[in-house]
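Have a look at the structure below before the remarks.
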Amino acid sequence: MKMLKKITYNAAATSVSVASGLLRNKIFALFLSLNLFGVLSIGQQSVSLAMTLFAFGLPLGITTLVSQYLSRPATEQAEMVTRLLLLAASVAGVLALIVVGVFALSPESLSLAVTGSNAFEIPMAILLLSAPLMLFETCLFAVMEGMGKVNEIVLFRIIPSLISLPILYFLAAEFHLVGAASGLFINEAILVGLGLFLLRKHLTFTSSALKLGPAIVQVYKVAVLSFGVGAFWFISDFIVKRYVLTALGEVENGIVQSVAKIADLYPTIALAWLSMHLFPVLSQRIDDKAAVASALQRTVLVAVVIIIPIIVILFTFRAEVLLIVYKKEFQIAVQYFGAMLAVGIVKVFSWVIGLALLPLGMKKQWFYSAVLMTILYSVGVWLGMLAGLSIYAIPVSLGISLGIQAAYVLVVYRWRKIVFDASFLLQTILFGVMSALLVVAVFIPASLIAVVLLFAWLVYRYDLLNEIREKIHEFTSRLAS
């Protein structure tokens, strides 16, 4: 496939996927109150949590194992793909039986566990029944990813969105919360059906393919550490959001959940190139500590400089963003949205230097840093709410815990003799000052002008425009390779 064609396909698929997610939220906002939007969001979070816990790293293991079989004969590939999907179906089946069993024995328990109220029995049951489908759908995507099936991945992202959005709109309009939950369930079912159809030529049901034992041993060797980090964060964040719902009420929960859907999205989109750049560059220079420090320092600078304009634009027009993505009722979240954006620079800084631990072979240190951050975040939110910070305990705790995580990682680098030069210290101080100014801008919007001026000086001082162009070109080239 030609480079331009690959880039176009990937760009189109990503755009449709992101737009579909935003449109889903818009539909929910149109037909649900802020309170019910928050209830639906925490229900979705519980689905993601259940899926993550039961998957136990299975999707990442599948991607890794499938990629290792690409050099094998087609029959062996098909047998491994079939084994892995049967394993995924078995795990999803167990999860489905548990959800059905709990609902049959105590219908109100699912609603009480997720929302603290027994008023949402049916929608919570429907949502949680989509968790097994989500688990299996994620594993189908993992197979495509491991096999490098670009066309199939594009179709997998686009087609369900086009089919499910009209269905979701109708159901949410007619049946509100129950309809929204049913629409999400149907979307997952469509994904599963389409995934099986796209992979039909890679499935075989020979007696050998039905032997799951070897696949179980191989797949669960891969991602235990990654699962530990992911599951711990999901559990902690779910408990935090659940605590908000219980302690502060449905309105505050709606504010937190609606802002999270935007604040969690923009850094991942802006830094899609990061792992593609860091892993090969640092792996090639792993024995040259000065080169590692230089490459990491420059990558941190470029990543933060890319993210700052996005933060400034979202911050300036955050009321309009909330209106466009949701509706007028959600504009009560504008101050909280600003507070969450204020920790964006610290988040990106911590992400970059933390992610770099992996290609440098410091997996345990990466694990320890992630666990440390999660514990500090959870405890900090609890203490902040006790101190009367209300929902603002979340951004305050997040900023502090990310800052401490970054400090720990920098100490690790120092222990490993990876020493940064004086300009890195200056840059780090500037990032801290700009973060502080963003916090002030929540209350005094004029402070945003100082952030823009510091950003302009940073770009000029370190000749970053050419560097940013190179990173964009590198990202698009890797997508097409």
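The values are calculated or read from the model by the stated rules, or taken from the named source; none is laboratory data. All values derive from a computational prediction rather than experimental measurement. Cβ sites come from the backbone with ideal geometry, for glycine too, and all protein chains shown count toward neighbours. Side chains are part of the model used for accessible areas, which takes the heavy atoms of the whole protein and leaves out ligands, DNA and RNA. Shrake-Rupley method; radii C 1.70, N 1.55, O 1.52, S 1.80 Å.
At-a-glance table
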{"read-out": "Residues of segment 99-111 satisfying the condition of being more than 26 Å from the chain's Cα centre (by Cα) and modelled with pLDDT of 85 or more", "value": "Val100, Gly101, Val102, Phe103, Ala104, Leu105, Ser106, Glu108, Ser109"}
{"read-out": "Scan of segment 13-44 for residues that are in contact with a Ser or Thr (Cβ under 6 Å, 6 or more places away or on another chain) and open to solvent by less than 40 Å² (accessible area, probe 1.4 Å), ordered by number", "value": "Ser20, Val39"}
{"read-out": "Residue, surrounded by the most Cβ atoms within 10 Å (Cβ to Cβ), within segment 356-382, restricted to residues that are under 22 Å from the mean Cα position of the chain (by Cα) and part of a loop (DSSP other than H, G, I, E, B)", "value": "Ala356"}
{"read-out": "Output for segment 177-193, where each listed residue is in contact with a helix residue (DSSP H, G or I) (Cβ under 6 Å, 6 or more places away or on another chain) and more than 16 Å from Ala125 (Cβ to Cβ)", "value": "Asn187, Ile190, Leu191, Val192"}
{"read-out": "Filter result (among the acidic types (Asp, Glu) and loosely packed, with under 13 Cβ neighbours inside 10 Å) within segment 85-122", "value": "none"}
{"read-out": "Segment 279-329 - residue that is among the aromatic types (Phe, Trp, Tyr) and modelled with pLDDT under 90 and, of those, nearest to Ser423 (Cα to Cα)", "value": "Phe279"}
{"read-out": "Tally of residues being closer than 20 Å to Pro73 by Cα and more than 20 Å from the chain's Cα centre (by Cα) across segment 141-163", "value": "3"}
{"read-out": "Residue count, segment 166-191 (criterion: open to solvent by less than 30 Å² (accessible area, probe 1.4 Å), aliphatic (A, V, I, L, M) and out of contact with any Pro (no Cβ under 9 Å at 6 or more places or on another chain))", "value": "4"}
{"read-out": "Sole exception among (1) open to solvent by less than 50 Å² (accessible area, probe 1.4 Å); (2) in contact with a Phe, Trp or Tyr (Cβ under 9 Å, 6 or more places away or on another chain); (3) free of Cβ contacts under 8 Å to residues at least 12 places away in the same chain; (4) not acidic (Asp, Glu) for Leu323, by number", "value": "(1)"}
{"read-out": "Matching residues in segment 383-396 - criterion: being over 19 Å from the mean Cα position of the chain (by Cα) and either surrounded by 21 or more Cβ atoms within 10 Å (Cβ to Cβ) or of a type in the set (A, V, I, L, M, F, W, C) (or both)", "value": "Leu383, Met385, Leu386, Ala387, Leu389, Ile391, Ala393, Val396"}
{"read-out": "Number of the condition not met by Val412 [criteria: (1) without any contact (Cβ under 8 Å) to a residue 40 or more places away in the chain; (2) assigned to a helix (DSSP H, G or I); (3) surrounded by fewer than 21 Cβ atoms within 10 Å (Cβ to Cβ)]", "value": "(1)"}
{"read-out": "Given (1) open to solvent by 40 Å² or more (accessible area, probe 1.4 Å); (2) without any contact (Cβ under 8 Å) to a residue 40 or more places away in the chain, index of the condition Arg318 fails", "value": "(1)"}
{"read-out": "Filter result for Leu210 (open to solvent by 60 Å² or more (accessible area, probe 1.4 Å) and either under 30 Å from Leu86 (Cβ atoms) or at pLDDT below 80 (or both))", "value": "yes"}
{"read-out": "Subset tally (residues that are part of a helix (DSSP H, G or I) and either at positive phi or buried (at least 19 other Cβ atoms within 10 Å of the Cβ) (or both)) for segment 146-157", "value": "6"}
{"read-out": "Selection from segment 66-84 of residues that are out of contact with any helix residue (DSSP H, G or I) (no Cβ under 6 Å at 6 or more places or on another chain) and either outside any helix (DSSP H, G or I) or open to solvent by less than 10 Å² (accessible area, probe 1.4 Å) (or both)", "value": "Leu70, Ser71, Arg72, Pro73, Met80, Thr82"}
{"read-out": "Among (1) surrounded by fewer than 21 Cβ atoms within 10 Å (Cβ to Cβ); (2) under 25 Å from Leu425 (Cβ atoms), the one test that Ile353 misses", "value": "(1)"}
{"read-out": "Among the residues listed as Pro166, Pro123, Pro132, the single one being free of Cβ contacts under 8 Å to residues at least 40 places away in the same chain and in a helix (DSSP H, G or I)", "value": "Pro166"}
{"read-out": "Some residue of segment 330-343 being within 23 Å of Ser401 (Cβ to Cβ), of a type in the set (S, T, N, Q) and open to solvent by less than 10 Å² (accessible area, probe 1.4 Å)", "value": "no"}
{"read-out": "Subset tally (residues that are farther than 24 Å from Met80 by Cβ, hydroxyl-bearing (Ser, Thr, Tyr) and either touching a strand residue (DSSP E or B) at 6+ places or on another chain (Cβ under 8 Å) or surrounded by fewer than 22 Cβ atoms within 10 Å (Cβ to Cβ) (or both)) for segment 45-65", "value": "1"}
{"read-out": "Filtered residue count, segment 446-481, keeping only those that are at pLDDT 80 or above and in contact with a Phe, Trp or Tyr (Cβ under 6 Å, 6 or more places away or on another chain)", "value": "0"}
{"read-out": "Every pair of residues 6+ apart whose Cβ atoms lie under 7 Å, when the first sits in segment 83-109 and is among the aromatic types (Phe, Trp, Tyr) while the second is part of a helix (DSSP H, G or I)", "value": "Phe103/Leu110; Phe103/Ala125"}
